[in-house]
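Report on one structure; see the data block that follows.
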Amino acid sequence: MNVVELKNISKSFGNSLANDSIDLAVKRGEIHCLLGENGAGKTTLMKILFGLYSQDQGSILINGAEVEIKSPRQAIELGLGMIHQHFMLVGRLTVTENIIAGREPRRGILIDYAEGMRQVKELTATYQLSVNPGARVEDISIGEQQRVEILKALYRQAEILILDEPTAVLTPQETGELFAVLKKLKESGKTIIFITHKLKETMAISDRVTILRDGKKVATIATSATSPTELARLMVGREVILRVKKAAAMVGKTVLQADHLTYYHKKNNRQLEQLSFVIKAGEILGVAGVEGNGQQELEELITGLSRNSQGKIFFKGKDISSWSIRERRYAGIGHIPSDRLKRGLIPDFNLEKNLILGSEWQQPYARKGFLDYKVIRENSKVIIERFRIKTSGSQALVQDLSGGNQQKVIIGRELRREPELIVAAQPTRGVDVGAIEYIHKLLLKMREEGKGVLLISAELDELLSLSDRLIVLYEGRIVASGNTVDFTEAELGLLMAGQGRGGVKNGPTE
Amino acid sequence: MNELLALIFNLNTLAAALRMATPLALAAMGGAFSERAGIINLGLEGLILTGAFAGVLGSYYSSLPWLGVLLAMIAGGGFAALFALFTIRFKADQVVAGVGLNMLALGLTTWLMQVLWGSRGSSPNVNGLPEITIPLLGRLPFVKVFFIEQSPLVLIMLVVIIAGWYLLFKTPLGLRIRMTGDHPTAADTVGINVRAIQYFCVIFSGVLAGLGGAYLSLGHLNWFSVNMSAGRGYMALAANIFGQWNPLGGFAASLLFSFTDAVQMRLQGLNLSIANELIQMLPYLLTIVVLAGAVLRSRPPEALGKQNQGGDE
Amino acid sequence: MVRLNKLKDQQGIIFNLLYSVVAIVIALLLGGILIYLSGHDPGKAYYHLVYGAFGNSYNLAQTLLNSTPLIFTGLAVAIGFQSGLFNIGGEGQLYWGALATAVTALTFPHLPGLILLPLALLAGALAGGCWGVIPGYLKARTGAHEVITTIMLNYIAILATTFLLRNYYKEAGPVDQTPLIAESARMAELIPFTRLSWAIFLGLAVVVLSDYLLKKTSIGYDIQAVGKNSAAAEYAGISVPGIYILTMGFSGAVAGLTGSTLVLGLFNRFITNFSPGYGFTGIAVAVLGRNRPWGVLLAALLFGALEAGGMSMQLYARIPADLMRIIQGLVILLVAAPAFIQLLVGSLLNRPGGGAK
């Protein structure tokens, strides 16, 4: 019995086709993975199902009946619930308030908070989703916030739960807990659609899997009848070489040295503790860790975006701890920021102006504070050509470029400055496979040219194939470091979860 | 010196402050609702002015001041509906649209006054609201001064403020409003009609500001004059921030602002050589100090002033 | 390719211009309806409006006279906008500019005009600039929203200048004003008996200067980068707080010049409460001019024409000049919401024949 059936769904944004005649059938009581790369159209498809987008063509059947879903309200009435990648929670409201909003228990004209609290407690008990119903959402952990999201859907009597990349923000341990909850939900008869791009998770949790690529459906198969290699091939469309060929490192002098960096963040108390490491010329140092364990703070400290730390940073032997961002850039630190659109580009500026961002006071683009547009235009032509940026020209607005090309604009700009150290944070996030390979090649080329690279990434494959050495961050501390070849993927996973190298057991549950 | 202080700081000054706080507190509550739903309403100034004018207009033609009050609320709400249409439906910049609304209201009221009554200074006198005395409260010691020969709108304001607080913090609608202003997408995904909430809040803010305007022209005085609001809309906005987007807080801030005003007027009456202008500056300075976070940590609704993009278009 | 893109850019400007024109036309139409409803002839009224604004050289001079302060205040708002700040504080800044200029001129009455005039202008720009720096600093350091702080600072400025005037600089008599400044410190009339001074050329110069600064200099680049994406600007090493303070200082200085030129060219003294809201009208001018210096110039000229024409309309057609404020308010509302104009124009174009879809 198909509880959800999507037939021939298409949806385009502007000129790009996000969903191209996609069919999807989900059986009652199964965990169904929707697998695909970034930009394959998974989220778009589910947003259509949940009434956040409207499809250009195609039909939706719930429990066999054709329905038109124009708003989340209708989707909720049909028994759907969606847990978004970016949580839809209000920080300053309590857990209970977040859960009951829109469907509040009442006493007269007022909200019956006691009743709401009781219902939330009942739900947490039934599904073993422990969370304090009276706590403010901004005060609880990410894992707990995700449970609140699930509770929100359950409170609305959702029978079909859609989870969009739910493990991206979780530690491996929290992921384990989530999977246990999902299995419990499945036992109680709920249907689960699980969006992911991770093969291992797909293999671990799903009954069946549907693969999307470039907005098209590739296949639906039973998980027990497939393998990670086959899934990878279906997802990417060709054989995937997980390891990039690279020459042996030609290590030179120390470029960067971090000496007992300690950092307290006012807002969420996330901190770095006593971080010490070096990066030498001609090597890539990878930083592994589950997101939110100090990577962003490290990125900001090295580039100067935040400065109030204890400990010291040396660049080519000079103490740069108190240097401004501009001083560090001028000295030769390049930066590919983790949040591309927020930090790395000015979407409203055209290409040529974006390509001098950070160099606008420097020769030859400017002389004594006056810009020379002839040189600026020439510069953009060179970068567009050298980095194969697909665009209508140097006057095009950067917001009109694709994600991969935007990333190339940033990388082109940063490499053009010929830095001696490049801080590359999530350099391939959200870009297509072709661009990923190209970016990897560029990073390796920098290494061959004798530059230092600090590579911060959430993708284990990327770290393992590019880095010469690795450090692993957990709760702001370096829990392991060493040559990349000495780490196995399994080991890294454990380390990232805060469990000691090799020795420690897997914990009581498994 | 002590005598002087006693002359200034007494219950009569406080009673005067309460009266002057009435339009401020009402408009500040309007600001609280509008901003809690995510819409900056800089147009409060124009909405108060519109209310003041419509109040006199209603009383002039019907001789019934209460009909004037009703018309003031309708006019305020109607003008706010126009503002809501532009900012919500057509996604106009909220601050710019607010400035435009204020200009429009100033121009329209001044122009209409000349067309209708042939004067650019003030309107003819109309029937204002009669003052009332509350039977029981008017006999209590000390606080009776607030309830004897008081404008009914002052008392209505007190009731409205308390009701507004309940509405915002204790009812389903209030929870939905607060969610809309902090995270409209979240509200959308739990099936809350974000647009409807925003329209309601902006129009409601207009009704409140209109009522505040009616107090100026029918409660405090009984005529309309050019630019009668005299910046009270902006002060109300400041009071709202001062009061942490809470009707009770806004009321307290309004009371504080108007208290300095009342003190200043009393000093003027005493003909002392204390610089008036410096005392008048106090509310404005206070607001800046508060905004700079020196006294309270102010925390506006997270999505305030941002265009929400609910769904695709 | 470059040429093609240039064409595109020009199209953008033309579209903006078109929107503004449509907004003005709609506002004038609505104004016409109001005139009709009040029992007057819109045709006659608008004849006097146009004649009063452009009909002869005296009227044209009145238009320019009314435009001059708006060029400055409009530019002040536009400059702030470039860095993403909404400077509603032009009103307060221009009061400080006016007082500083008047006091300077009164303090050094014997200096030759060639020195005194620039000195007095500089004092005004400095005073306005300092007042503008306050909200810039507050925004940079504490995040206090500049819209509210500048509004509050307006009241403080008006009260403070009144206080200073009454206690230190007041001329004897019932009016709160300073004595007249020396002849040598006055800006000369361009056309006799029109009161139009060469302050308008100063306005023009500031337009040219700001346009050049924004487009061709590194600091202009930084200002725009902060305005369009402050996080990226920070990433690139631009000091965002520094730019906020600098831009607000610049914006305040230009607003201060409004007051200076009014003192030196029109009133020849400081008078309390002299501004009929130039700072606020400047917001409208900036919005209509799309926050670009040349756009501001055009918008200021239009608003000046509306003011001058409105006066003649009141005189000869007996229609209160406040109608112009209604039209200005409508123009801002309409320009702020291009989606509305798109909808309106779209539905008008699609109606005949219904062929579009």
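The values are calculated or read from the model by the stated rules, or taken from the named source; none is laboratory data. Please read these numbers as outputs of a predicted model, since none were measured by experiment. Every residue, glycine among them, receives a Cβ derived from its backbone with ideal geometry; neighbour counts consider all protein chains shown. SASA here: full protein model, heavy atoms, side chains in, ligands and nucleic acids out. Shrake-Rupley method; radii C 1.70, N 1.55, O 1.52, S 1.80 Å.
Can you name the residue in the stretch A:168-196 that is outside any helix (DSSP H, G or I) and out of contact with any strand residue (DSSP E or B) (no Cβ under 7 Å at 6 or more places or on another chain) and is also nearest to A:L234 (Cα to Cα) among such residues? Write out each step before concluding.
Pass one, the stretch A:168-196, residues outside any helix (DSSP H, G or I): A:168-171, A:188-196.
If we keep only those that are out of contact with any strand residue (DSSP E or B) (no Cβ under 7 Å at 6 or more places or on another chain) as well, we get A:168-171, A:188-189.
Numbers: A:A168: 22, A:V169: 25, A:L170: 26, A:T171: 27, A:S188: 32, A:G189: 30 Å.
That would be A:A168.
If you filter the stretch C:126-161 down to residues that are more than 7 Å from chain B (Cβ to nearest Cβ) and of a type in the set (S, T, N, Q), you find that the one that is surrounded by the most Cβ atoms within 10 Å (Cβ to Cβ) is C:T150.
From the list B:A52, B:A75, the lone residue that is open to solvent by 10 Å² or more (accessible area, probe 1.4 Å) and either in a helix (DSSP H, G or I) or aliphatic (A, V, I, L, M) (or both) is B:A75. Looking only at residues in the stretch A:40-67 that are surrounded by fewer than 19 Cβ atoms within 10 Å (Cβ to Cβ) and touching a Gly at 6+ places or on another chain (Cβ under 9 Å), the one that is nearest to A:E159 (Cα to Cα) is A:N63. In a residue-by-residue description of the stretch C:43-65, the property of being loosely packed, with under 15 Cβ neighbours inside 10 Å, within 14 Å of another protein chain (Cβ to nearest Cβ) and either under 20 Å from C:V287 (Cα atoms) or not hydroxyl-bearing (S, T, Y) (or both) applies to no position.
Would you confirm whether or not the stretch A:469-476 contains a residue that is hydroxyl-bearing (S, T, Y), in a helix (DSSP H, G or I) and surrounded by 17 or more Cβ atoms within 10 Å (Cβ to Cβ)?
Initially, the stretch A:469-476 is screened for residues hydroxyl-bearing (S, T, Y), giving A:474.
Adding the requirement that they be in a helix (DSSP H, G or I) leaves none.
No, the conditions are met nowhere in the stretch A:469-476.
Here's a check for you: in the stretch C:223-237, which residue that is buried (at least 24 other Cβ atoms within 10 Å of the Cβ) and within 22 Å of C:C130 (Cα to Cα) is nearest to the chain's Cα centre (by Cα)? Ranking the candidates gives C:I223 first.
Does B:L221 meet the test of being open to solvent by 20 Å² or more (accessible area, probe 1.4 Å), modelled with pLDDT of 80 or more and more than 30 Å from B:Y61 (Cβ to Cβ)? It would help to see each step written out before you state the result.
Working: open to solvent by 20 Å² or more (accessible area, probe 1.4 Å): yes; modelled with pLDDT of 80 or more: yes; more than 30 Å from B:Y61 (Cβ to Cβ): no.
Criteria not met by B:L221.
Condition first: open to solvent by less than 10 Å² (accessible area, probe 1.4 Å) and farther than 17 Å from C:K216 by Cα. Now tell me which residues in the stretch A:334-379 satisfy that. Listed by number, the residues that qualify are A:G334, A:H335, A:I336, A:P337, A:G344, A:L345, A:I346.
Any idea which of A:E273, A:E300, A:E291 is of a type in the set (D, E) and in a loop (DSSP other than H, G, I, E, B)? Answer to the selection: A:E291. Close Cβ contacts (under 7 Å, 6 or more residues apart or on different chains) running from residues in the stretch C:318-332 that are farther than 14 Å from C:A300 by Cα and within 7 Å of chain B (Cβ to nearest Cβ) to residues that are aromatic (F, W, Y) and outside any loop (DSSP other than H, G, I, E, B) comprise C:P320/B:W111; C:D322/B:W111; C:L323/B:W111; C:I326/B:W111.
Determine whether the stretch C:263-285 contains at least one residue that is within 14 Å of C:F81 (Cα to Cα) and either within 14 Å of chain A (Cβ to nearest Cβ) or surrounded by fewer than 19 Cβ atoms within 10 Å (Cβ to Cβ) (or both). Checked the stretch C:263-285: no residue is within 14 Å of C:F81 (Cα to Cα) and either within 14 Å of chain A (Cβ to nearest Cβ) or surrounded by fewer than 19 Cβ atoms within 10 Å (Cβ to Cβ) (or both).
Which residue is nearest to B:L221 (Cα to Cα), if the candidates are limited to the stretch B:116-138 and must be loosely packed, with under 12 Cβ neighbours inside 10 Å and over 25 Å from the mean Cα position of the chain (by Cα)? Among those that are loosely packed, with under 12 Cβ neighbours inside 10 Å and over 25 Å from the mean Cα position of the chain (by Cα), it is B:G118. Selection of the stretch B:100-115 for residues being open to solvent by 10 Å² or more (accessible area, probe 1.4 Å), among the polar types (S, T, N, Q) and under 22 Å from C:I24 (Cβ atoms) yields only B:N102.
From the list C:L70, C:L164, the one residue that fits, being surrounded by fewer than 24 Cβ atoms within 10 Å (Cβ to Cβ) and touching a residue at least 60 places away in the same chain (Cβ under 8 Å), is C:L164.
Say whether the condition of being without any contact (Cβ under 8 Å) to a residue 12 or more places away in the chain and of a type in the set (K, R) is met by at least one residue in the stretch C:215-224. Looking for residues that are without any contact (Cβ under 8 Å) to a residue 12 or more places away in the chain and of a type in the set (K, R), one finds at least one in the stretch C:215-224, hence yes.
Once the stretch B:188-202 is narrowed to residues that are open to solvent by less than 40 Å² (accessible area, probe 1.4 Å) and more than 7 Å from chain A (Cβ to nearest Cβ), the residue that is farthest from A:I76 (Cα to Cα) is B:V202.
Within 24 Å of the chain's Cα centre (by Cα), in the same structural domain as A:L275 (by TED's automatic domain parsing) and at pLDDT 90 or above: is that true of A:D461 in this structure? Walk me through it before giving the result.
Working: within 24 Å of the chain's Cα centre (by Cα): yes; in the same structural domain as A:L275 (by TED's automatic domain parsing): yes; at pLDDT 90 or above: no.
Spelling it out, it is not the case that A:D461 is within 24 Å of the chain's Cα centre (by Cα), in the same structural domain as A:L275 (by TED's automatic domain parsing) and at pLDDT 90 or above.
Looking only at residues in the stretch B:172-187 that are more than 7 Å from chain A (Cβ to nearest Cβ) and among the β-branched types (V, I, T), which one is surrounded by the most Cβ atoms within 10 Å (Cβ to Cβ)? Top of the filtered list is B:T180.
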